[in-house]
Amino acid sequence: MSRDADADASRAARSAEASNLASSAPENAAVASSRASSAPAIATAADAASSVASADSGANAASGASGAAPAPPSMTVRTVPLQTSFDDALKRLGVDARTASLLERSYAGVIDFRRDLRQGDTVSVVLAPRAPSGPGDARAGTTADAAKPVVREPLAVRVQHGAASHDLFLHRNLQGEPFYYTKRGTTATPSFARYPLAYTRVSSGFALRRLDPVTRRWQSHDGVDLAAPAGTPVHATARGTVAFIGRETGYGRIVVLDNMPPYQTAFAHLSRFAKGLHIGSHVHRGQVIGYVGSSGWATGPHLHFEVRVNDVPRDPLTVALPGDGSGLHGDERKRFAAQARRLSALL
Ligand SMILES: [Zn+2]
C-alpha cells in the first residue's frame, strides 16, 4: 500500500478532528499534540477497506512511516458471532472488562442479551488505540510505545440482532469519562420516571437512621414514604423485570423490579398487586404494578418506594437517574453525529 505525504497530512487533520470528538476536554499542548498523533484516523467510506487492511496486517503505521507527518495508527474493524453472551463476544473482540461492562449498561435499554439472542446475531466493533486520557497515560504513551501493548478501544459498536442493527459510538466528556451514545448523541438507556404515583405528600424521607414509628427502634429508612389514598395505582418508574412479588416482613406486599443495571426499584405496603404479575414478568415504564395500601408495618396508607443502585439504597428523590436530559447538545452533538456517520460506514 503506497502512502504519500498529502494523504498522511489529510489523515492527520481528520484524526485531529476525531480526537476533538473523542474528547472535548480542554487540554494542555503536550497532551493535545500527543493525542493528535495517536488519535484514530477517520477513514472515509472510500478508503475504509485499505485502512482496515493495513490494520489487520499488524503494521503500526506510526512507527514505520518515514517523514515528519506521523501516520495515525489505523483502525481495525472486527465482527464476531453473538453466541453465548455479549460479554463473551466483547472478550473475543479484545475489549477490556471495564469497557465491556460500560457497553453492557449502555445497551441495557436496547436489547436484553440474556434472553433476546438469536442465531446469526453478531457484534462488530471499530477499534482504535486508546487516546491518552491524562498526564499519566500520556507519559506512558511516549516512553513505552514499543514495549507496552497498545490498548484498543471500540469507537463504534454494532449489534446486529435479527434484521435490526443497534449502533453506539464512543464519546468522552470534559473529564475524559467514556460514554456510548446513539448516532444522534443520545443515550440508548430508557428514561426513569422520578415518581411511581400521584402522591399527596412525602410522609417520611430517606434517612440513614431514624426512629421507626412502628418498631420504635432506631433504624435506617431505605426509601421514601409517599402518602396517597389506599387503592392509588403504583407505576413502574422504568422498564424492568419482576425480581420479587409477594409478602415480606415489614414491607408487607412488595414488588421488586430489576431495571437496567445497576438499578433496582422496590414498592412496598401495597394493598394488592396488578393482575397477572409474577416473578420474571416484563414491565414497561408507567405500567401499573400494584395499588397503595398499608400492608406490613405501616401506620397509614402510603407507598414505601426504594431505588437501589448496585444494591445500595439511594434517596429516590435525589438519586441520579438515567435517561431524560442525558446526551449531547449543540455543536458537540453535531460534531459527534458527523463522526458517528463516518464510523458507521466502517461497520
Ligand atoms: Zn418507608
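Points worth noting:
- Options Thr187, Thr237; residue that is surrounded by 15 or more Cβ atoms within 10 Å (Cβ to Cβ), of a type outside the set (Phe, Trp, Tyr), more than 15 Å from Ala298 (Cβ to Cβ) and at pLDDT below 85: Thr187
- Of all residue pairs spaced 6 or more apart or on separate chains, those with beta-carbon atoms under 6 Å, a first member in segment 147-160 that is more than 17 Å from Ala338 (Cα to Cα) and assigned by TED's automatic domain parsing to the domain that holds Lys183 and a second member that is at pLDDT below 85 and surrounded by 13 or more Cβ atoms within 10 Å (Cβ to Cβ) are Val151/Arg130; Glu153/Arg130.
- Candidate set: segment 190-218, residues that are of a type in the set (Ser, Thr, Tyr) and at pLDDT 80 or above; chosen: the one nearest to the ligand (Cβ to nearest atom): Ser204
- Annotation note: Cβ proximity below 7 Å between a residue of segment 75-94 that is assigned to a helix (DSSP H, G or I) and a residue that is charged (D, E, K, R) (sequence gap 6+ or interchain) occurs for Phe86/Glu104; Asp87/Glu104.
- You will find that of Leu321, Leu328, the residue that is in contact with a Phe, Trp or Tyr (Cβ under 6 Å, 6 or more places away or on another chain) and crowded, with 21+ Cβ neighbours inside 10 Å is Leu321 and no other.
- Sole exception among (1) surrounded by fewer than 19 Cβ atoms within 10 Å (Cβ to Cβ); (2) of a type in the set (Gly, Ala, Ser); (3) more than 16 Å from the ligand (Cβ to nearest atom); (4) touching a residue at least 60 places away in the same chain (Cβ under 8 Å) for Ala163, by number: (4)
- Given (1) surrounded by 17 or more Cβ atoms within 10 Å (Cβ to Cβ); (2) polar (S, T, N, Q); (3) under 19 Å from the mean Cα position of the chain (by Cα), index of the condition Asn310 fails: (1)
- With respect to being hydrophobic (A, V, I, L, M, F, W, C), modelled with pLDDT of 95 or more and within 16 Å of the ligand (Cβ to nearest atom), Leu277 falls outside the description.
- Test: residue in segment 195-217 that is buried (at least 18 other Cβ atoms within 10 Å of the Cβ) and aliphatic (A, V, I, L, M): yes
Matching residues to (1) among the aromatic types (Phe, Trp, Tyr); (2) within 16 Å of the ligand (Cβ to nearest atom); (3) buried (at least 20 other Cβ atoms within 10 Å of the Cβ):
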site: Gly246; (1), (2), (3): no, no, no
site: Tyr251; (1), (2), (3): yes, yes, yes
site: Phe273; (1), (2), (3): yes, no, yes
site: Gly300; (1), (2), (3): no, yes, no
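The values are calculated or read from the model by the stated rules, or taken from the named source; none is laboratory data. Fair warning: this is a prediction, and the values are worked out from it, not measured in the lab. Glycine also receives a Cβ, built like all others from the backbone with ideal geometry; neighbour counts cover every protein chain displayed.
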